[in-house]
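The values are calculated or read from the model by the stated rules, or taken from the named source; none is laboratory data. These figures come from a predicted structure and were not determined experimentally. Backbone-built Cβ (ideal geometry, glycine too); neighbour counts: all protein chains shown. We work out accessible area using only protein heavy atoms, side chains counted, and drop any ligands, DNA or RNA first. Shrake-Rupley method; radii C 1.70, N 1.55, O 1.52, S 1.80 Å.
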Amino acid sequence: MSFPWAQQYEPKTEFTRWLDSRLPLPRFVWNAVGPGYPVPRNINYFYNFGVLAGVALMVQIITGIILAMHYSAHVDTAFDSIQHIMRNVNEGWLFRFLHMNGASFFFIVVYIHIFRGLYYGSYKAPREVVWMLGVVILLLMMATAFMGYVLPWGQMSFWGAQVITSLFSAIPLVGESIRMWLVGGFAPDNATITRFFSLHYLLPFVILGVVILKVWALHIPGSTNPTGIEVQGPQDTLPFHPYFTAKDFFSLTIYLIFFAAVSFFLPNALGHPDNYIPANPLSTPAHIVPEWYLLPFYAILRAFTADFIISAKLWGVIAMFASIILLFFLPWLDSSRVKSASYRPIYRWFFWLLVIDVFILGWVGAMPAEEPWVRIGQAATAYYFAHFLIILPIVSMIETPRRQPNSIAEAVLGPEAVRARPASRPAEGGFGGAMPQPAE
Amino acid sequence: MASDAKIISAAGGSPEGADVRRRDFIYIATGAFGAVGAAAVVWPMIHQMNPSADVLALATTEVDISSIQPGQAIKTVWQSKPVFVRNLTQAEIDAAKAVDVSTLRDRETLEQRTQPGRLNWLITLGVCTHLGCVPLGAAEGENKGDFGGYFCPCHGSHYDTAGRIRRGPAPTNLVVPPVTFKSDTLVEIG
Ligand code: FES
């Protein structure tokens with residue numbers, strides 16, 4: 001779709017010719033993930049996580065539809081229906097464990113995908129919209145995962161719902177009404193479980209829709225690559241099929257090995273045992289924690305302990321949402337023209353500090369709200385915001401980037417190889433020859 | 001056809017461009033009518049998520065407090081929220097009174113939080129004002145926090161013997177619901 005040298009779809013049989021002039025679906029697939037989509041030839045394995053995320057989403061949708069056939073969304077029966085799935089439904093245990101762990105694996109894959117984008121500058125022009133759609137997907141995923149975690153109506157489900165919906169009561173004046181509107185009562189109850197079930201079923205399809213928009217937006221400039229320089233000609237790319245379909249299948253196999261290993265041998269390792277206790281509105285578990293993938297944000301929420309103009313509670317809520325909303329502005333916070341951190345000697349260090357910082361936040365989020373965790377969490381929260389709001393703008397101004405290769409082909413094959421066949425296939429259009437064209 | 005063309009060119013803008021034309025009016029009227037209609041449809045869609053009539057009907061709860069000894073507390077439920085009913089000991093009352101109210105985050109005295117003449121009956125919601133966990137400290141042997149009242153384990157809010165926030169992220173004191181003493185042993189909440 002994106003580059004002029006992309007292989008054109010040519011229907012080979014009578015039937016495909018007939019279809020192509022009526023519903024060009026095979027052409028669409030050809031251009032989206034087939035030979036008609038040229039991809040930078042040097043992308044590494046970190047570029048496989050987008051496809052893995054797509055597979056993880058499909059696993060969640062399929063196992064989720066199956067679970068919904070046996071689940072019962074009612075305060076009196078929800079917890080028991082999970083046990084019914086585990087014990088009575090044929091292979092019910094399999095689908096539940098795949099769905100439970102599938103959520104965790106979806107987040108693992110997506111977090112790696114996000115950090116890959118941060119490292120290789122995938123959020124920079126002309127891919128800001130691709131990045132922002134990704135942030136939308138992250139927010140939708142968090143909402144979906146949260147509501148899904150409430151459905152089994154165990155202790156962690158109930159108290160998770162209580163804590164997260166109470167976030168909204170921090171809003172001045174209307175907060176409490178919003179909270180009651182969200183849960184449909186004074187506290188999470190039957191009305192909560194039924195609406196969460198409805199939305200938990202809906203949102204994955206919304207995510208799928210945004211994924212389609214994101215892939216569409218991605219196909220206009222095409223992928224970034226580890227050098228961060230744009231594609232200049234046919235010598236820089238390879239068709240998606242068969243080169244990257246094969247590579248993606250290989251990484252998918254590795255992924256499925258890990259996914260299966262955890263789902264079959266450690267199915268509860270990523271969950272919390274308290275969720276096997278039925279919800280009790282009168283007793284909070286001694287130590288409430290969200291699912292692991294929300295821990296860094298939970299740590300940010302808890303980092304505010306003193307009032308300053310507005311209440312500490314509202315600060316925490318604002319900071320937690322801001323930590324993600326901030327990512328929407330990343331393309332403009334980082335003004336460096338160099339995309340890849342491989343050529344940004346200072347940014348590279350700060351990238352790794354950010355990774356460490358997020359791990360620290362996650363670890364603090366899992367700890368009780370006591371010293372020294374509170375202090376550590378506050379420092380890590382401050383650093384998180386400083387990274388995006390102070391360090392990144394300054395670094396992108398003062399940094400002297402390293403010399404980048406002239407082209408992807410030169411980076412991959414060496415300058416000699418490129419010079420040896422200069423006229424064989426001239427770059428069409430040169431730099432910026434990637435003529436943006438809307439996908440179908 | 002010819003008259004159509006004339007209408008279109010007239011709607012397209014006269015050189016003066018200042019006068020309101022019939023078509024502008026139709027656009028605005030259609031848009032406004034559509035907006036009102038959309039609002040009328042959207043409101044029920046939003047409002048259906050608010051608490052339903054049966055949920056709102058849970059009005060009051062009566063509690064028999066005769067068996068609660070000084071130093072003890074019970075949990076009960078009002079509007080599907082937990083409520084702590086606590087019989088304070090003299091020491092706890094003194095501790096609550098000894099605090100300089102001006103140093104508190106949410107400035108209230110024990111007198112303001114209890115019924116006249118019944119300083120020992122501290123009745124509060126068992127809902128942490130931070131994010132809604134049930135604080136510990138009502139049941140025997142639970143952690144009462146650094147100030148001897150309640151302790152919320154979720155994010156570490158400490159409440160004192162008057163249920164006032166003393167340390168941690170919670171913004172306000174534990175909420176005191178409407179309370180009426182029907183007799184010395186019977187309280188109505190709500
Ligand atoms: S809910 Fe009690 S401290 Fe957060």
At least 3 residues that are touching a residue at least 40 places away in the same chain (Cβ under 8 Å) and either within 21 Å of the chain's Cα centre (by Cα) or within 16 Å of the ligand (Cβ to nearest atom) (or both) in each: list the strands (runs of 3 or more DSSP E) lying fully within region B:71-190 that qualify. B:73-78, B:81-87, B:121-125
Of all residues in region B:51-69 being buried (at least 16 other Cβ atoms within 10 Å of the Cβ) and without any contact (Cβ under 8 Å) to a residue 60 or more places away in the chain, the one that is farthest from the other protein chains (Cβ to nearest Cβ): B:Ile68
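Go over the candidates A:Phe146, A:Phe115, A:Phe158 one by one and state the one that is away from every other protein chain (no Cβ under 14 Å) and part of a helix (DSSP H, G or I). Break it down stepwise before answering.
Numbers: A:Phe146 fails: away from every other protein chain (no Cβ under 14 Å); A:Phe158 fails: away from every other protein chain (no Cβ under 14 Å).
Sole residue among the options that is away from every other protein chain (no Cβ under 14 Å) and part of a helix (DSSP H, G or I): A:Phe115.
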Candidate set from region A:312-354 (those that are more than 22 Å from the chain's Cα centre (by Cα) and of a type in the set (S, T, N, Q)); member that is farthest from the other protein chains (Cβ to nearest Cβ): A:Ser342
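On the basis of being modelled with pLDDT of 95 or more, facing chain B (nearest Cβ under 9 Å) and part of a helix (DSSP H, G or I), does A:Arg179 make the cut?
Details: modelled with pLDDT of 95 or more: no; facing chain B (nearest Cβ under 9 Å): yes; part of a helix (DSSP H, G or I): yes.
The answer is no for A:Arg179.
Residue-wise test of (1) at pLDDT below 95; (2) open to solvent by less than 50 Å² (accessible area, probe 1.4 Å).
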site: A:Leu213; (1), (2): no, no
site: A:Gln232; (1), (2): yes, yes
site: A:Gln235; (1), (2): yes, yes
site: A:Phe249; (1), (2): no, no
site: A:Ile257; (1), (2): no, no
site: A:Val262; (1), (2): no, yes
site: A:Leu266; (1), (2): no, no
site: A:Gly271; (1), (2): yes, yes
site: A:Asp274; (1), (2): yes, yes
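Looking only at region B:159-190, filter to residues that are at positive phi and within 14 Å of chain A (Cβ to nearest Cβ); which one of those is least open to solvent (accessible area, probe 1.4 Å)? Break it down into steps so the answer makes sense when it comes.
Keep residues of region B:159-190 that are at positive phi, which gives B:163, B:168, B:190.
Right, trim to within 14 Å of chain A (Cβ to nearest Cβ) and you get B:168, B:190.
Numbers: B:Gly168: 8, B:Gly190: 36 Å².
Top of the filtered list is B:Gly168.
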If I go through region B:120-158 residue by residue, how many of them are open to solvent by less than 40 Å² (accessible area, probe 1.4 Å), more than 14 Å from chain A (Cβ to nearest Cβ) and not polar (S, T, N, Q)? 5
Those residues of region A:19-42 which are part of a loop (DSSP other than H, G, I, E, B) and of a type in the set (A, V, I, L, M, F, W, C), in sequence order: A:Leu23
Hey, A:Arg195 hits all of (1) within 16 Å of the ligand (Cβ to nearest atom); (2) part of a helix (DSSP H, G or I); (3) at the interface with chain B (Cβ under 9 Å from one of its Cβ atoms) but one; which does it fall short on? (1)
Identify, from the list B:Thr124, B:Thr109, B:Thr76, B:Thr61, the residue that is among the hydroxyl-bearing types (Ser, Thr, Tyr) and more than 26 Å from A:Trp181 (Cα to Cα). B:Thr109
